[in-house]
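Where a number appears in this text, it was derived from the coordinates with a stated rule and is not lab data. Only a predicted model underlies this, so the values are computations on that prediction, with no experimental measurement involved. Cβ coordinates were reconstructed from backbone atoms using ideal geometry, including for glycine residues, and neighbour counts include every protein chain displayed.
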Amino acid sequence: MDEPRKRGHPLVVAGATIAAAAVLCAFVYYAGLAVFRTEGDVPAASAIDLPAGSELVSETVECASGGCWRLFSVRPPDAMTPEQLSSELGTTPQARIAGTLWDPRTITVSSAIEGPLLKVRADYWSQEFIP
């Protein structure tokens with residue numbers, strides 16, 4: 001008589017199925033980020049790592065023909081000037097923050113001094129500054 005066919009180990013089959021589903025979900029997620037991105041996308045305020053003691057005074061979103069950006073008015077910590085804060089953030093003249101696993105887009109950050117505050121601009125669309 002014929003012997004019944006042996007099947008693979010159930011744990012191996014289940015693991016392979018779960019891994020394939022995870023890869024498919026990741027592909028759909030990243031494809032969605034690429035397909036549905038718009039010029040209106042702006043980085044979250046939490047994407048900018050401000051030094052301890054800095055105060056976020058205001059936050060606005062502005063748009064023009066080149067896309068949208070988020071503007072932050074930041075008051076530096078007591079022992080720091082706006083110039084020093086700009087240097088610490090690396091925004092002299094521009095910084096690029098690498099994306100994360102959840103949002104792989106690179107954030108471009110620049111700043112300008114306005115009295116006692118530092119105006120920080122963050123967007124996804126600016127080209128890298130080349131002197």
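For the chain, a crude dipole built from +1 on the beta carbon of Lys and Arg and -1 on the beta carbon of Asp and Glu, taken about the Cα centre, is about 560 debye to the nearest 20. Mean sequence separation of contacting Cα pairs (under 8 Å, at least six apart), scaled by the length of the chain, corresponds to a relative contact order of 20 percent. Cβ screening of the chain for cysteine pairs under 4.7 Å finds these without a partner: C25. Each residue of segment 65-73 is assigned a 3J(HN,Hα), and the resulting list reads 5, x, x, 10, 8, 9, 10, 10, 9 Hz, derived from the Karplus form 6.51 cos²θ - 1.76 cosθ + 1.60 (θ = phi - 60°), x at Gly and Pro. Ranking G90, Y29, A112 by how far each Cα lies toward the positive end of the dipole of the chain (charges on Cβ) leaves Y29 at the top. Each principal axis of the chain carries a Cα extent, and these read 91, 36, 29 Å when sorted largest first.
Under a 5 Å amide H cut-off, with hydrogens placed 1.01 Å from N, S111 pairs with R121 among residues at least 5 apart or on other chains.
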